[in-house]
Amino acid sequence: MSAKWLSNPDYTEFLSRLMHEYLLYAPVKNEKELTFQLMKDVSQIAIKGSSNTRFPPKSLFFPQSEVLMKYAGGLHSVENEEKDKMLFGIRPCDARAISLLDHAFDDEQAPDHYWQSKRDSAIVISYACLAPRETCFCTAVGGSPFDAAGADAQFVKLEDGFVVQVYSKRAEKIFADLPDAQKDMLKAVKTLSAQVIAGMPEALEKQQVHDKLLDLFESDFWRETSESCLGCGVCTFLCPTCFCFDIVDETLRKERVRNWDSCMFRIYSLEASGHNPRPTKSERTRQRVMHKYAYWVDQINEIGCTGCGRCVEFCPVNIDIREIVENALHRDSAGGAK
Ligand code: SF4
Ligand code: SF4
């Protein structure tokens, strides 16, 4: 790993150069919110401050609706874009989410070609969070506002410019011409990082959470927890690590399409026989929480939530996954208070 320096006056020119070499995606402020967009003018990039995009950037690798193949007059594969993508200004929690999704899509036995082809050709450049929001809790679930996971490089803003932490060989080439960061700059990054992390929640004991959730599997805790849930699916659609999908044939268009789906929808687990193994919102809420906090731990020893806070912020009835986990830790096996 190396560390480079990009001064404020050089920032725009450097990013403009990258924009010509790559399909450069970065957060842009629209009327209501930030969204990842293909850049035509780098002055639009909105990375400062504490806000994150409402939709996570996973859609650049796993689009909400994706044509897998066309079958008008024979089978046709779908072509890839001609240039490599670069995601710039992605928050560390979302970069980490991409590395978690690699486990789901890049499975040795069943690799997902559609994810892999987009992922392999993309460079991810994260932007360290200097002012996490009240709903952020990456430090509780194994991450950090300066987390390197999933990123090829990370920008850290100092007063006069950016320290660029370079993590991958591909990123080494991109930043090779920049001067090395000086010792005092690296010291400033360390101090900043310690200050920001000090204000964040403490790490959860993931095995303890895992064991407690399994213990509560049959309890009334889930009915109580899910009482106000509307089953709208917002929490899963906005989640950077959710990856449920459904594949349909659009016969008029003669296309096979993969669309995002949600385990919070009643018909998600409805079987052709009419049987539904998750018939109520209680089982569905249990599935959402246990997938992230128990099943991912079983599979890859990581919590499958990156603490981005989107589900906390946008749930229309204020269901808060942090509270669910905290409450679970204070229940006995029957779901009652300890
Ligand atoms: S966003 Fe809230 S109300 Fe909607 S499905 Fe998720 S938990 Fe339920
Ligand atoms: S579960 Fe909620 S906080 Fe965790 S990664 Fe998904 S949206 Fe973010």
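The values are calculated or read from the model by the stated rules, or taken from the named source; none is laboratory data. No experiment lies behind these values; they were computed from the predicted model shown. Counting neighbours? That spans all protein chains shown, and the Cβs are built from the backbone with ideal geometry, glycine included.
For this structure, a couple of remarks:
- Strands (runs of 3 or more DSSP E) lying entirely in the stretch 12-93 (those with 3 or more residues that are under 18 Å from the mean Cα position of the chain (by Cα)): 23-29, 34-38, 85-90
- Unique residue being away from ligand 1 (no atom under 16 Å from the Cβ), among the polar types (S, T, N, Q) and over 27 Å from T53 (Cα atoms) when the list is S269, S282, S273: S273
- Screening the stretch 289-319 for residues that are in contact with a Cys (Cβ under 9 Å, 6 or more places away or on another chain) and at positive phi and picking the one that is farthest from ligand 1 (Cβ to nearest atom) gives G307.
- Qualifying residue in the stretch 251-262 (condition: within 16 Å of ligand 2 (Cβ to nearest atom), surrounded by fewer than 19 Cβ atoms within 10 Å (Cβ to Cβ), in the same structural domain as F314 (by TED's automatic domain parsing) and within 24 Å of I324 (Cα to Cα)): yes
- Residues in the stretch 276-321 that are touching a Pro at 6+ places or on another chain (Cβ under 8 Å) and in a helix (DSSP H, G or I): 2 in all.
- Condition check for K206: over 23 Å from A95 (Cα atoms) and buried (at least 17 other Cβ atoms within 10 Å of the Cβ): no
- The set of residues in the stretch 246-275 that are over 22 Å from I303 (Cα atoms), not in a strand (DSSP E or B) and not hydrophobic (A, V, I, L, M, F, W, C) comprises T251, R253, K254, R266, Y268, S269, E271, S273, G274, H275.
- Residue check, I321 surrounded by fewer than 15 Cβ atoms within 10 Å (Cβ to Cβ) and of a type outside the set (K, R): no
- Matching residues in the stretch 81-131 - criterion: being buried (at least 24 other Cβ atoms within 10 Å of the Cβ) and polar (S, T, N, Q): S126
- Failed item in (1) under 24 Å from T12 (Cβ atoms); (2) in contact with a Ser or Thr (Cβ under 7 Å, 6 or more places away or on another chain), with C244 passing the rest: (1)
- In the set (1) under 30 Å from V325 (Cβ atoms); (2) surrounded by 21 or more Cβ atoms within 10 Å (Cβ to Cβ); (3) of a type outside the set (K, R), the condition left unmet by S59 is number (2).
- Checked against the criterion of being closer than 19 Å to C305 by Cα, out of contact with any helix residue (DSSP H, G or I) (no Cβ under 7 Å at 6 or more places or on another chain) and within 16 Å of ligand 2 (Cβ to nearest atom), the candidates G143, G233, G150 yield just one match: G233.
- Taking the stretch 282-296 as the range and being of a type outside the set (D, E, K, R) and more than 14 Å from ligand 2 (Cβ to nearest atom) as the test, only S282 passes.
- Out of E227, E302, one residue alone is away from ligand 2 (no atom under 15 Å from the Cβ) and either acidic (D, E) or without any contact (Cβ under 8 Å) to a residue 40 or more places away in the chain (or both). It is E227.
- For the stretch 210-238, the set of residues classified as of a type in the set (A, V, I, L, M), outside any helix (DSSP H, G or I) and either out of contact with any strand residue (DSSP E or B) (no Cβ under 7 Å at 6 or more places or on another chain) or near ligand 1 (Cβ under 8 Å from one of its atoms) (or both) consists of L230, L238, listed by residue number.
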